[in-house]
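Before any comments, here is the structure.
The values are calculated or read from the model by the stated rules, or taken from the named source; none is laboratory data. Note that this is a predicted model, so its numbers are computed, not measured. Every residue, glycine among them, receives a Cβ derived from its backbone with ideal geometry; neighbour counts consider all protein chains shown.
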Amino acid sequence: MGRNKVELKKIEDSISRQQFYSKRKDSIIKKSNELAVLCEADVGLLMFSPDGEVTSYSSKESVEDIMLLVVNQRLIPNPNEQHLMQSLTQSKNEGEMVKKIAIAEAHEKKLNKLKQTLSEAQQKIRYYEPQVENISSVQEADAYKQFLMSAMEQIQQSKAKLLGGQEFLQRNEYAAVASVNTEDTAAAGNSRGWKF
């Protein structure tokens, strides 16, 4: 009992067609990568989704490198070979510039976040070490006071927790010492004939 062959035909529903494409494109890219790695093959892949979205894969740095390789080996006869070579090279350079710009923008975002974090930290430090002579309004003084009071309350709560833990340990130590002393006293009393 072999598998029946499914007749391949266009999927009529556009949503189903797009979903099918989305599911299958990743497996095709994976297979292309496997082929490139296992066989040391130069693989270039361009796919256009039903919506016109471009997906590309290259075993080299870019798809343009694969296309240049094709043109250099004259696998595609072309009367405008020089123009095609220049276009591919330009496209490759533009792609590299786009990547560098994206990296620079990501670094800039990260730098802005770090600057914001630094600014917030400096603001908090100002609350802990206010320049009393620079306080210019009652609201500002109240804000400093409220912040410091809140910080002091948190410190006292932390101290109480620590002391509470120490008191618990000390109580256990005292209980252990007391029980040892009681046992020693009872043992000494029994040896002297005392009864408890």
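Structure summary
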| item | result |
| --- | --- |
| Asp65 being touching a residue at least 24 places away in the same chain (Cβ under 8 Å) and either more than 21 Å from Lys92 (Cα to Cα) or surrounded by 13 or more Cβ atoms within 10 Å (Cβ to Cβ) (or both) | yes |
| Residue count for the stretch 15-62, restricted to those that are of a type in the set (Phe, Trp, Tyr) and crowded, with 17+ Cβ neighbours inside 10 Å | 2 |
| Given (1) over 24 Å from Gln123 (Cα atoms); (2) modelled with pLDDT of 60 or more, number of the condition Ser137 does not satisfy | (1) |
| Subset of the stretch 2-34 [in contact with a Pro (Cβ under 7 Å, 6 or more places away or on another chain) and either among the polar types (S, T, N, Q) or assigned to a loop (DSSP other than H, G, I, E, B) (or both)] | Ser14, Gln18 |
